[in-house]
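The values are calculated or read from the model by the stated rules, or taken from the named source; none is laboratory data. Note that the structure is predicted; figures quoted are calculated from it, not measured. Glycine also receives a Cβ, built like all others from the backbone with ideal geometry; neighbour counts cover every protein chain displayed.
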Amino acid sequence: MGLYSDELKVMIVDDSEVERTNLTAIVERAGHKVITANSGMEALDLAKQEKPRVIFLDIMMSGGMDGFKTCRTLRGDAATQDIPVIMVSSKKNKADKVWAAEQGAVGYIIKPYTEEEILETLGKFA
């Protein structure tokens, strides 16, 4: 997969423009390309088209498809099942972390996060 400095294509999915902007800035400063989606449905379409190396996915989103369902749907599609999904949420309960893992998420970051947390997690896929 190369060194950490190699560019990754990273998808950020959050219905909050502020959160998308914050995460995009962190990931781009690290030298990676960012694709954003503001809903689960948009994320499903973009993931198939763009084939990102990793997806940062919010849990609580409007539009009828939360992050859990989005993750489960990504896992169930042959075109996207191998893309690692990292949940990024303000939900702090252990049950939410367990449920995220059961839906196929490979990581869970609690908001507010630090730049170091995001980059350390991203480094696992570089």
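Overview of results
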quantity	calculated
Yes/no for R20 being of a type in the set (D, E, K, R), touching a Ser or Thr at 6+ places or on another chain (Cβ under 8 Å) and within 19 Å of L122 (Cα to Cα)	yes
Some residue of the stretch 74-92 being in contact with an Asp or Glu (Cβ under 8 Å, 6 or more places away or on another chain), hydroxyl-bearing (S, T, Y) and closer than 22 Å to T114 by Cβ	yes
Close pairs (8 angstrom Cβ cut-off, 6 or more residues apart or separate chains): in a loop (DSSP other than H, G, I, E, B) and at pLDDT below 95 in the stretch 101-114, among the hydroxyl-bearing types (S, T, Y) and surrounded by 18 or more Cβ atoms within 10 Å (Cβ to Cβ) anywhere	none
Long-range neighbours under 9 Å by Cβ, at least six apart or interchain, first residue farther than 15 Å from V54 by Cα within the stretch 66-95, second surrounded by fewer than 10 Cβ atoms within 10 Å (Cβ to Cβ)	S90/P112
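Residue by residue, here is whether (1) among the hydrophobic types (A, V, I, L, M, F, W, C); (2) in contact with a strand residue (DSSP E or B) (Cβ under 7 Å, 6 or more places away or on another chain); (3) farther than 16 Å from A105 by Cα holds:
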position	(1), (2), (3)
E19	no, yes, yes
A30	yes, no, yes
K48	no, no, yes
D77	no, no, no
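Table: residues versus (1) small (G, A, S); (2) at pLDDT 95 or above; (3) within 21 Å of K91 (Cα to Cα).
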position: N22; (1), (2), (3): no, yes, yes
position: R29; (1), (2), (3): no, yes, no
position: G40; (1), (2), (3): yes, yes, yes
position: I59; (1), (2), (3): no, yes, yes
